[in-house]
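The values are calculated or read from the model by the stated rules, or taken from the named source; none is laboratory data. These numbers come from a predicted model, not from an experiment. For neighbour counting, all protein chains shown are included, and Cβ atoms are generated from backbone atoms with ideal geometry for every residue, glycine included.
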Amino acid sequence: MDEQNGNNRPPLRRSRSDRIIAGVCGGLGESTGVDPMIFRIGFVVLTIFTFGTGMVLYAAAWLLIRDEGAPRTEGERIVGEVKTRIDDYRSPDTTSAGSPDSSTGTSDPGAPAAGAPDPDDRSRGAN
């Protein structure tokens, strides 16, 4: 709470104690001092009369507003996980054994050697 500026409202956070779905309305209520039921009714009315806009706004608030005690928002957490997975996908696996095979130019130890018959090639008929 910022006592110097006269702002006694708590920061906007998703509530953990007054939560029905993701705590967005509870957090809005705690931050503004308005009953969270007013926000819940507002989101439902928006959803019904504006063809789902209330649901989209609620989802955006869930992604962009931090949970109480959380170091980051859900959106930041999801983006971080996606970045990690992309980095893991792009970086070569340094734990695999072997260096590139000189005969095939691949590092796959299970790859057939150059000139070796392909065991999955069925074009030659059965033996």
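Residues of the stretch 19-67 being buried (at least 16 other Cβ atoms within 10 Å of the Cβ), over 18 Å from the mean Cα position of the chain (by Cα) and of a type in the set (D, E, K, R), which ones?
Across the stretch 19-67, the qualifying residues are R19, E30, R40.
Scan the stretch 74-92 and tell me whether some residue there is among the β-branched types (V, I, T) and touching a Ser or Thr at 6+ places or on another chain (Cβ under 7 Å).
No, every residue in the stretch 74-92 fails to be among the β-branched types (V, I, T) and touching a Ser or Thr at 6+ places or on another chain (Cβ under 7 Å).
Identify, please: which residue in the stretch 1-40 is outside any loop (DSSP other than H, G, I, E, B) and modelled with pLDDT under 90 and is, among those, farthest from M55 (Cα to Cα)?
D2
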